[in-house]
Amino acid sequence: MIALVLALILTFLSFYFACLSILDRNKQIVVIAFFIIGSFLLRSTLNVTLNNDYYYYYEFAIFSKPTGFLSYVLNEPYLYTVYSFFSLLIKPKQHVFLAMYWFNFIVSTLFFIWLLLRNDIEIWKKMLLFVLHYFVFGFVLLRNGPTYMLFALYFYYTFRGKRFNWIWITPFMHISSCIILITYFHKWRNYFKMLLVSPVVIIVFYLVIKTFFSSVTAFKSILSKVDIYSKGMPSIGYMHFVFFIFIFSLVVMGFIMYKSKMLHPILVTTVLLYGISFFVNPIVAHRFSPYLLFSLLLFPFEKIRNVKIMLLMNRLSILFFPIFLYSLFLAHKARLLDYYF
């Protein structure tokens, strides 16, 4: 228990202090080193089998050897490739999964180091993204975690006029990313018209391929994965609505403070898709929320002119620690408390 508490405090505080722009490069490197140490202590301390999705991943048919190229592609090959690589080096399956979680954790840690080094993003924004996503990216999600991170990079660089094409590999990680890929074409003159008709196109396309691939074993495995995953989803609770109100407040605040800048095609798309997904199913919306939060918080709005308010917001972000703890327990099974405390 003591090791877990110390690792939590060290990881959180080191990330916070590493974000401070007042640090010179050498001091920042030292603090980042403490963040890495704290993170590795957390990963070493937390039992991987206690995360919410462990057994759903473990039971996926995706880890069966593909029968052909179509089977390989339709089964979101990223995770199978990672699994196959570690299977060549490690036995049995439990140890393979442990290696996969460590690999995913390292990727996630590198991502958050990248995030804290962005000097053009306010500290409170980096802290909010960190406390909400650190555990779910690094300790739970093996497929959509890397997808979220790639889209975060895409949003950041695209908003700053730089091309980022790596998002085109995300459908091979998690098929749901196909929907948000529409933002890649945000510079098209008729983008908003395309956005309006895209739901109809997607539905028709799905019905067509469902009919066409209904007899394909690989496609059936996708449907079975969705079924298994959906059974593992928690019931809709009040926190889904609280989170919706929180995100809605951020969006409204954005329109009040930045007005027309909130009409950027990517922001409009992510807000619209999040709103639609919430009314379809709040749980689906919750899983879509990282796209919206990263697009909103990584957008280069002009800085708040009142320096004192910005300094206060950045300093008060150290109070996000309870959210950090809540994210830990939200990402793991209820027996985590009994296991460590």
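The values are calculated or read from the model by the stated rules, or taken from the named source; none is laboratory data. Note that the structure is a prediction, hence the values are computed from the model and not measured. All Cβ positions, even for glycine, are placed from backbone atoms using ideal geometry, and neighbour counts span all protein chains on display.
The lone criterion from (1) within 10 Å of the chain's Cα centre (by Cα); (2) over 17 Å from residue 11 (Cα atoms); (3) buried (at least 20 other Cβ atoms within 10 Å of the Cβ) left unmet by residue 133 is number (2).
Here residue 95 meets each of (1) over 18 Å from residue 317 (Cβ atoms); (2) of a type outside the set (Val, Ile, Thr); (3) touching a residue at least 12 places away in the same chain (Cβ under 8 Å); (4) surrounded by fewer than 18 Cβ atoms within 10 Å (Cβ to Cβ) with one exception, condition (3). In the condition set (1) within 20 Å of residue 286 (Cα to Cα); (2) modelled with pLDDT of 85 or more, residue 190 is compliant with all but (1). In the condition set (1) surrounded by 16 or more Cβ atoms within 10 Å (Cβ to Cβ); (2) outside any helix (DSSP H, G or I), residue 65 is compliant with all but (1). Of all residues in the range 33-48, those satisfying the criterion of being under 20 Å from the mean Cα position of the chain (by Cα) and in a helix (DSSP H, G or I) are 35, 36, 39, 40, 42, 43, 48. A single entry from 5, 73, 30 fulfils the requirement of being under 19 Å from residue 173 (Cα atoms), assigned to a helix (DSSP H, G or I) and of a type outside the set (Ser, Thr, Tyr): 73.
Matching residues to (1) surrounded by fewer than 18 Cβ atoms within 10 Å (Cβ to Cβ); (2) part of a helix (DSSP H, G or I); (3) touching a Ser or Thr at 6+ places or on another chain (Cβ under 7 Å); (4) not hydrophobic (A, V, I, L, M, F, W, C):
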| position | (1), (2), (3), (4) |
| --- | --- |
| 262 | no, yes, no, no |
| 271 | no, yes, no, no |
| 286 | no, yes, no, yes |
| 291 | no, yes, yes, yes |
| 295 | no, yes, yes, yes |
| 300 | yes, no, no, yes |
| 313 | yes, yes, no, no |
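Are any of the residues in the range 20-40 farther than 29 Å from residue 120 by Cα and in contact (Cβ under 8 Å) with a residue 60 or more places away in the chain? It would help to see each step written out before you state the result.
Here is the first cut: in the range 20-40, the residues farther than 29 Å from residue 120 by Cα are none.
No, the range 20-40 contains no residue that is farther than 29 Å from residue 120 by Cα and in contact (Cβ under 8 Å) with a residue 60 or more places away in the chain.
Can you tell me which residues in the range 115-151 are closer than 19 Å to residue 317 by Cα and of a type outside the set (A, V, I, L, M)? Matches in the range 115-151: 118, 119, 120, 122, 124, 125, 126, 130, 133, 134, 135.
The single condition among (1) surrounded by fewer than 19 Cβ atoms within 10 Å (Cβ to Cβ); (2) modelled with pLDDT of 90 or more; (3) of a type outside the set (Val, Ile, Thr); (4) in a helix (DSSP H, G or I) that residue 145 does not meet is (1).
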